[in-house]
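First the structure, in the form of structure tokens, and then the observations on it.
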Amino acid sequence: MILVLGRGYIGAAFATELKARGSDYKICSREVLDYTQFSLLVDLLKGKKFQAVINCAAFVTQPSVDGCEDYRSETLLVNLVFPSVLVNACQLTGTPLLHVSTGCLYNGDNNGAGFREIDTPHLSFNTKCGTYVGSKELAEHVVRRHELSWICRVRLPFDEFDHERNLLSKLQRYSTICDETQSLAHRGDFVKACLDMIAMQVPFGTYNCTSPGAVNYAELCGKLSRVLYKGKREFKFIHPDEFDKTMARTPKSRCVLSAEKLLSTGVKIRPVDEAIDHSLNNWTT
Ligand SMILES: NC(=O)c1ccc[n+]([C@@H]2O[C@H](COP(=O)([O-])OP(=O)(O)OC[C@H]3O[C@@H](n4cnc5c(N)ncnc54)[C@H](OP(=O)(O)O)[C@@H]3O)[C@@H](O)[C@H]2O)c1
């Protein structure tokens with residue numbers, strides 16, 4: 001049985017995919033059981049031999065994680081202290097852990113190759129970053145203390161379902177869009193890849209679980225306009241330097257990640273262009 005913690009945007013997608021696969025799973029929400037309490041968590045993990053626990057709990061503000069600056073203690077508690085509690089509980093019970101992390105740790109495209117998992121993040125509490133990114137980066141170090149752990153980095157999730165967390169929805173709602181190039185992850189493809197990693201018992205470690213490739217926002221908005229608005233929608237862009245000066249509260253990550261390590265395990269994940277075309281052609285509001 002697989003245990004999913006947190007019924008948010010990503011946690012719900014894990015539940016949907018596990019159900020579709022006919023897998024034995026349990027999704028846990030704080031409403032039903034406060035899994036952030038160590039003793040309750042240990043009892044939960046002791047009560048059943050879980051194949052893996054998937055940590056989808058996090059403090060993520062909307063529309064951007066800049067909002068975490070107004071909730072620093074909550075951000076650190078959920079994104080850093082809780083993973084530490086969870087690691088202790090998993091170590092105590094010998095439970096493998098799949099921790100959902102973020103890919104917003106780099107800047108640039110690494111001369112076209114994309115950043116790999118062995119590359120040192122540019123954004124962390126050791127350099128300059130916001131509380132959300134710093135807490136997520138530091139949590140990766142904490143999770144690595146558990147030998148039975150996979151760290152799966154998702155980035156700018158999207159799919160065909162209109163949602164405040166879906167990048168394709170966000171781009172349609174922003175009044176001004178920063179003209180940047182990013183790696184993204186199709187939400188359903190991300191959770192499929194994570195579940196395949198568990199099923200295939202790929203080596204423990206850190207993985208960029210992004211849809212291979214990268215996307216330029218100006219080109220993506222052109223596609224959005226053509227497919228969803230018959231070419232009639234215009235988008236307003238702002239240069240990244242101007243955006244950083246006038247609209248950002250914390251340093252931004254604009255990066256291309258390499259998904260080579262994930263692909264080398266035999267886990268499959270669609271290229272980003274294919275996943276975007278599919279999402280736009282099946283757009284559901
Ligand atoms: N969405 C994105 O754009 C994005 C991008 C990159 C990485 N990620 C990562 O993906 C993972 C899942 O994020 P998500 O997008 O699914 O976020 P989300 O929709 O906000 O879900 C996070 C869940 O965390 C749980 N939680 C536990 N303690 C909490 C607290 N004190 N306050 C608020 N929520 C709390 C809640 O689940 P219950 O109430 O059910 O317990 C909540 O639904 C996180 O690790 C995040 O860093 C997300």
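Can you figure out the FRET efficiency of THR246 with GLN51, using R₀ = 41 Å and their beta-carbon distance, to the nearest 0.05? Calculated value: 0.30. When the Cα positions of SER175, GLY222, PHE243 are compared along the charge dipole of segment 129-285, SER175 comes out farthest toward the positive end, with charges on each C-beta of Lys, Arg, Asp and Glu.
Using only Cα coordinates, the Kirkwood hydrodynamic radius of segment 143-285 works out to 16.3 Å.
Counting other Cβ atoms within 10 Å, which chymotrypsin sites (Phe, Trp or Tyr not before Pro) in segment 21-84 have at most 15 and lie in a DSSP loop? Passing both the DSSP loop test and the Cβ count: TYR71. For segment 136-177, there are no residues whose amide N sits under 15 Å from a probe point set 7 Å from the Cα of LYS232 along the beta carbon direction. Which residues in segment 202-227 have a backbone N closer than 14 Å to a point placed 7 Å from the Cα of ARG116 along the Cα-to-Cβ line? Those under the cut-off are 206-208. Take every DSSP beta bridge whose two residues both sit in the chain; close to 5 percent of them are antiparallel.
Think of each Lys and Arg Cβ as +1 and each Asp and Glu Cβ as -1; about the Cα centre, that makes the dipole of segment 150-207 roughly 180 debye.
Using only side-chain charges placed at the Cβ, +1 for Lys and Arg and -1 for Asp and Glu, the dipole size of segment 44-163 relative to its Cα centre rounds to 660 debye. Which GluC sites (Glu not before Pro) does segment 159-210 hold that lie in a coil by DSSP with at most 15 other beta carbons within 10 Å? In loop regions of segment 159-210 (DSSP not H, G, I, E or B), the sparsely surrounded GluC sites (Glu not before Pro) are GLU164.
Cβ-Cβ distance of SER264 and GLU164, R₀ of 51 Å, FRET efficiency by 1/(1 + (r/R0)^6): the value works out to about 0.90.
Translational diffusion of the chain, estimated by Stokes-Einstein from the Kirkwood radius over alpha carbon pairs at 37 °C in a medium of 0.692 mPa s, is 170 µm² per second. What you get for the chain, charging only the Cβ of Lys and Arg (+1) and of Asp and Glu (-1), is a dipole of about 420 debye around the Cα centre. Here each label is just a point 7 Å from Cα along the line to Cβ, and for ASP277 and MET200 those points are 2.3 nm apart. Each of THR36, ALA185, SER279 was placed along the dipole of the chain (beta-carbon charges, centred on the mean Cα), and the one lying farthest toward the positive end is THR36.
With contributions of -39500 (n - 2.57) from each DSSP H run of at least four residues, the per-residue ellipticity at 222 nm computed over the chain stands at -11000 deg cm²/dmol. Across segment 142-196, the mean sequence separation of Cα contacts (distance under 8 Å, 6 or more residues apart), normalised by length, yields a relative contact order of 35 percent. The angle between the Cα long axis of helix 9-21 and the main principal axis of the chain comes to about 70°, on a 0 to 90 degree scale. Listed from fewest to most Cβ neighbours within 10 Å, the set HIS146, HIS186, HIS99, HIS163 follows the order HIS163, HIS146, HIS186, HIS99. Our note on the geometry: Cα centres of segment 82-108 and segment 231-285, 24 Å apart. You can think of it this way: the chain between TYR71 and PHE38 has 9.6 nm of extra reach, that is 0.36 nm per residue less the Cα-Cα gap.
The C-alpha atoms of the chain define a longest principal axis, and helix 131-143 lies at about 40 degrees to it. Each of ASP109, ASP244 was scored by other Cβ atoms within 10 Å of its Cβ. Listed from fewest to most, they are ASP244, ASP109. Of the trypsin sites (Lys or Arg not before Pro) found in segment 6-86, those in coil by DSSP whose Cβ has at most 11 other Cβ atoms within 10 Å are LYS49.
FYI, it's all coordinate maths here, none of it is from the lab. For clarity, every value in this text was computed on a predicted model and none was experimentally measured. Virtual Cβ from ideal backbone geometry, glycine too; neighbours counted across all protein chains shown.
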